[in-house]
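This report refers to the structure that appears directly beneath it.
The values are calculated or read from the model by the stated rules, or taken from the named source; none is laboratory data. Computed from a predicted structure; not experimentally measured. Methodologically, a virtual Cβ is constructed for each residue, glycine included, from the backbone with ideal geometry; neighbour enumeration extends over all protein chains shown.
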Amino acid sequence: MTGQSPSATGSTRASRISPASGSFAQGTPLLNRDHLIIAVSIVALTAISWANLMSTTSGVHSHTVAQPYALGAATWTVMMIGMMAPSALPFLTTFAVMARRRGGGNPLLLTSMFLLGYLLVWTGFSAIAAAVQLALHAMSLLSHKSASLSPFLGGALLIAAGVFQWTPAKHACLRNCRSPLGFLISEWRDGLGGACRMGLVHGAFCVGCCWLLMLLPFAAGVMNLGWMLAITVFVLLEKALPAGDMLARAGGAVLAGYGAWMIWSTYN
């Protein structure tokens, strides 16, 4: 019996799930159905999240005072789902294709586990952000009217976010968020646990890529829907567009410039 080298094995594995293979690239009724179900589910999840946020902001200004920690963490979690679920769609559809080709389980169930892992990471981020919000309220660093930092601190946060957009750490994480197929080939694990693990790893890369952007509501108001929508669109574009890495840097320059103007305006 002749053995097969690791490189040959890896090449065989990659060729089975490469988009260059006809069966991967060519749609089938089952794949089309999977993609439709996933897309509708993400749209519905995003819509429900934004509807909840709009309902919250139209309430009796509950966001302008220090919330109990559990309520704050839940609010941040809904925010992160509404802002980050859309940019996960390319990963979810690519994952579904690979899961169906490889077999070993229901592709939609496996995709759901991947999404669960992804959202668990953002839930953890939300728990930290809520704790930061509570601490800032306790130190009287957030406005009680808009739950925002002072112009000086808000400007400093914008500058930090803008500078981070140019760092190697940002772009190392962004590369993983922009390459669904490459990430899944290198990180693939079988089974429900493997799918959840891959979602956790992908979520960790996304947090590493976007964590400062997700904190920008502190600069404009924690429940400022306009800022939240702008950040959502920007994150989606920097991940999806061919020139997304250049867009990330350009956006960083704009953020840093706006932050510098905010600080300058406090003294003039």
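Just checking, which of Val222, Val254, Val207, Val235 is under 22 Å from Val78 (Cβ atoms), of a type in the set (Val, Ile, Thr) and over 17 Å from the mean Cα position of the chain (by Cα)?
Val222
Among the numbered criteria (1) of a type outside the set (A, V, I, L, M, F, W, C); (2) at pLDDT below 95; (3) in contact with a Lys or Arg (Cβ under 9 Å, 6 or more places away or on another chain); (4) surrounded by 17 or more Cβ atoms within 10 Å (Cβ to Cβ), which single criterion is violated by Pro151?
If we test Pro151 against (1) of a type outside the set (A, V, I, L, M, F, W, C); (2) at pLDDT below 95; (3) in contact with a Lys or Arg (Cβ under 9 Å, 6 or more places away or on another chain); (4) surrounded by 17 or more Cβ atoms within 10 Å (Cβ to Cβ), just (3) comes out false.
For the subset of the stretch 30-59 comprising residues that are among the hydroxyl-bearing types (Ser, Thr, Tyr) and without any contact (Cβ under 8 Å) to a residue 40 or more places away in the chain, which member is surrounded by the most Cβ atoms within 10 Å (Cβ to Cβ)? Give the steps one after another, and end with the answer.
Filtering the stretch 30-59 for residues among the hydroxyl-bearing types (Ser, Thr, Tyr) gives 41, 46, 49, 55-58.
Subset that is without any contact (Cβ under 8 Å) to a residue 40 or more places away in the chain: 41, 49, 55, 58.
Details: Ser41: 17, Ser49: 19, Ser55: 9, Ser58: 9.
Taking the candidates together, the pick is Ser49.
Cβ-Cβ below 8 Å, separation at least six or inter-chain, first residue in the stretch 146-170 and within 16 Å of Val132 (Cβ to Cβ), second modelled with pLDDT of 95 or more and of a type in the set (Lys, Arg): which pairs?
Filtered contacts from the stretch 146-170: no entries.
Of everything in the stretch 211-263, what is among the β-branched types (Val, Ile, Thr) and not in a helix (DSSP H, G or I)? Give them in sequence order.
The one that is among the β-branched types (Val, Ile, Thr) and not in a helix (DSSP H, G or I): Val222.
Quick check: is even one residue across the stretch 239-248 buried (at least 16 other Cβ atoms within 10 Å of the Cβ), of a type in the set (A, V, I, L, M, F, W, C) and modelled with pLDDT of 95 or more?
yes
Looking at Ser143, is it crowded, with 19+ Cβ neighbours inside 10 Å and closer than 24 Å to Trp264 by Cα?
Spelling it out, it is not the case that Ser143 is crowded, with 19+ Cβ neighbours inside 10 Å and closer than 24 Å to Trp264 by Cα.
Which numbered condition trips up Thr56, out of (1) modelled with pLDDT under 85; (2) in contact with a Gly (Cβ under 9 Å, 6 or more places away or on another chain); (3) of a type outside the set (A, V, I, L, M, F, W, C); (4) part of a helix (DSSP H, G or I)?
With (1) modelled with pLDDT under 85; (2) in contact with a Gly (Cβ under 9 Å, 6 or more places away or on another chain); (3) of a type outside the set (A, V, I, L, M, F, W, C); (4) part of a helix (DSSP H, G or I) applied to Thr56, the lone miss is (2).
Given the conditions (1) farther than 19 Å from Ser126 by Cα; (2) surrounded by fewer than 18 Cβ atoms within 10 Å (Cβ to Cβ); (3) small (Gly, Ala, Ser), which single one is not true for Gly208?
Of the numbered conditions (1) farther than 19 Å from Ser126 by Cα; (2) surrounded by fewer than 18 Cβ atoms within 10 Å (Cβ to Cβ); (3) small (Gly, Ala, Ser), the odd one out for Gly208 is (1).
Can you find a residue in the stretch 31-47 that is out of contact with any His (no Cβ under 8 Å at 6 or more places or on another chain), more than 27 Å from Glu187 (Cα to Cα) and either of a type outside the set (Val, Ile, Thr) or modelled with pLDDT of 90 or more (or both)?
yes
Can you find a residue in the stretch 216-225 that is of a type in the set (Gly, Ala, Ser), crowded, with 19+ Cβ neighbours inside 10 Å and at positive phi?
Yes, because at least one residue in the stretch 216-225 is of a type in the set (Gly, Ala, Ser), crowded, with 19+ Cβ neighbours inside 10 Å and at positive phi.
Name the pairs whose Cβ atoms lie under 6 Å apart, with the first residue in the stretch 113-127 and buried (at least 20 other Cβ atoms within 10 Å of the Cβ), the second aromatic (Phe, Trp, Tyr), and 6 or more positions between them or separate chains?
Pairs found: Phe114/Phe95; Ser126/Trp76.
Name the residues in the stretch 72-112 that are outside any helix (DSSP H, G or I), touching a residue at least 24 places away in the same chain (Cβ under 8 Å) and over 12 Å from the mean Cα position of the chain (by Cα), would you?
Gly104, Gly105 - these are the residues of the stretch 72-112 that are outside any helix (DSSP H, G or I), touching a residue at least 24 places away in the same chain (Cβ under 8 Å) and over 12 Å from the mean Cα position of the chain (by Cα).
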